[in-house]
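The values are calculated or read from the model by the stated rules, or taken from the named source; none is laboratory data. Small disclaimer: the values here were computed from a predicted structure and weren't measured. Methodologically, a virtual Cβ is constructed for each residue, glycine included, from the backbone with ideal geometry; neighbour enumeration extends over all protein chains shown. Each accessible area value is taken on the protein alone, full model and side chains, heavy atoms only, with ligands, DNA and RNA left out. Shrake-Rupley method; radii C 1.70, N 1.55, O 1.52, S 1.80 Å.
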Amino acid sequence: MAFSSHVASRLEEQAIELPSWAFGNSGTRFRVFGTPGTPRDPFEKISDAAQVHKFTGLSPSVALHIPWDKVDDYAVLRRHAEDEGVALGTINSNTFQDEDYKLGSLAHRDDRIRRKAIDHHLECIDIMDATGSRDLKIWLADGTNYAGQDDMRGRQDRMAEALQEIYDRIGEHQRLVLEYKIFEPAFYHMDVPDWGTSYAQVAALGDRATVCLDTGHHAPSTNIEFIVMQLLRLGKLGSFDFNSRNYADDDLIVGAADPFQLFRILVEVLRGGGYGKDGDTAFMLDQCHNIEDKIPGQIRSVLNVQEMTARALLVDREALTAAQVEGDVLKANGILMDAFYTDVRPDLAAWREERGLPADPMKAFADSGYLAQIAADRVGGVQAGWGA
Ligand code: AOS
Ligand code: ZN
Ligand code: ZN
């Protein structure tokens, strides 16, 4: 049984932005396991990311992280990306790896350090102008480790003022996306710990400031799809950083730990008008691959999102609403579970082939020999990783 024309066409709207840093070496504080052929510069990262789009058709853009992806001429990097069949996407700021930021950045008490952090973001916006990027994603590691360490309210006020200056520089076709995270690297409080704080901060800025929801940034058992519903209802769900976690911000392959949760999130995205042409909630991966091959890890990730999206599109919304109106608890849950339990892989394979894509992108990439080729070509030089 093939997909209905409705599902088939909606699947064509899917676009999942890849993080450049997923193709470099990253790992944990215990060890970073390198891989032969790992990119040595942003150009090679873009080439690897373009393989994901080539074999899946799902990832037309690549997010950059500044300063990790700094280059002399962004017009050259932009042309390289276009030659590889992708575009440059979100620009991610970085105020978490400089010695000055030990006690914070945009929330810091020291005017000089806050100025430095604001200027870094203004530089990121200049880069956005060169790359044609729409989104500036801000994730702050700011916070404290002990009660009494600093005045939490003063930090909110200073951060609000700094964000306002950054927002005022954002162009009319650009957005500021503020990401929240419950803990790490601060362990007593984060200055943007939850969706409510991010919402309060971006609502104060204006229409082109929104929230980034990273699926690994919540306390265990948080009902993430409720947050998705609420932010869509408030018109402030700017983007997702998709990944999966078993315990904390593990940054593992999205859908690997809990495909049902990913399905429920996508059901709310569809219901709330955040999917594809309905709205402008950007889908992005934010993952790090330490022991698994990086490009196949990203291919598996975007296929997981596609598969759960296909299942979410199968939910019989009319029958579900009718069951909800009737208060028929088991029938309503059963309708949702019928969609979740549907194996859409054969129909997805056919859908891909009808569009000139390989039925099995994982196998097609493995057969391409690309990994062996870059391992042979990329000998010498410093492999890119977190911080380079
Ligand atoms: C950190 O945990 C956040 O998820 C960030 O979005 C991300 O890991 C890093 O800044 C690269 O974007
Ligand atoms: Zn993230
Ligand atoms: Zn994270």
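Using the Cβ-Cβ distance between K116 and N246 with R0 set to 35 Å, the FRET efficiency works out to roughly 0.45.
Keeping all protein chains in place, calculate the accessible area per residue for the stretch 307-376 (probe 1.4 angstrom), answer in Å².
Numbers: 3910 Å² over 70 residues.
Per residue, the stretch 307-376 has an accessible area of 56 Å².
For the pair D126 and D258 in one chain, pulling the backbone fully straight at 0.36 nm per residue adds 43.7 nm over the alpha carbon distance. The portion of the accessible surface of the stretch 1-129 made up by carbon and sulfur, rounded to a whole percent, is 50 (1.4 Å probe; DNA, RNA and ligands excluded). The loop-placed trypsin sites (Lys or Arg not before Pro) in the stretch 304-388, going by DSSP, that have at most 13 neighbouring Cβ atoms within 10 Å of their Cβ come out as R355. How many angstrom lie between the Cα centre of the stretch 322-388 and the Cα centre of the stretch 8-24? Here the answer is 10 Å between Cα centres.
Compared with the alpha-carbon gap, the fully stretched path from E326 to E172 is longer by 50.9 nm at 0.36 nm per residue. Using a simple spin-label model with pseudo-atoms 7 Å out from Cα toward Cβ, R79 and N145 lie 4.8 nm apart.
Note on the chain: GNM, Cα springs under 10 Å; of D286, D119, D214, the largest mean-square fluctuation is that of D119. About its Cα centre, the dipole of the stretch 87-168 is roughly 220 debye, where the only charges are +1 on Lys and Arg Cβ and -1 on Asp and Glu Cβ.
Take the chain, connect every pair of alpha-carbon atoms lying under 10 Å apart with a spring to form a Gaussian network, then pick out the residue of A141, A319, A339 with the largest mean-square fluctuation. It is A319. The value of relative contact order for the stretch 195-238, using C-alpha pairs under 8 Å at least six residues apart, is 42 percent.
Run the accessible area of the stretch 230-388 with a 1.4 Å probe and give the carbon-and-sulfur part as a rounded percent.
On the way: 3890 of 7320 Å².
C and S fraction of accessible area: 53 percent.
Under 8 Å for C-alpha pairs, at least 6 residues apart: give me the relative contact order for the stretch 187-262, rounded to a whole percent. Intermediate results must be reported in sequence, preceding the final value.
Working: 85 pairs, mean separation 19.8, N = 76.
Relative contact order of the stretch 187-262: 26 percent.
Looking at the stretch 190-300, the accessible area is 36 square angstrom per residue; that uses a 1.4 Å probe and ignores ligands, DNA and RNA.
Taking the chain as a Gaussian network, where each spring joins two C-alpha atoms under 10 Å apart, which residue of F183, F23, F96 fluctuates the most? Evaluated over the chain, the most mobile residue of the options is F96.
With the contact rule set at Cα under 8 Å and sequence spacing of 6 or more, what percent relative contact order holds for the chain? Answer for the chain is 21 percent.
Other residues whose C-beta falls under 11 angstrom from the C-beta of E307 contribute a net charge of +1, scoring Lys and Arg +1 and Asp and Glu -1.
For a quick protection proxy, order the peptides 65-71, 322-328 by their average other-Cβ count within 10 Å, most packed first. Each step should come with its number before you reach the end.
Details: 65-71: 18.4, 322-328: 12.3.
The most tightly packed comes first, giving 65-71, 322-328.
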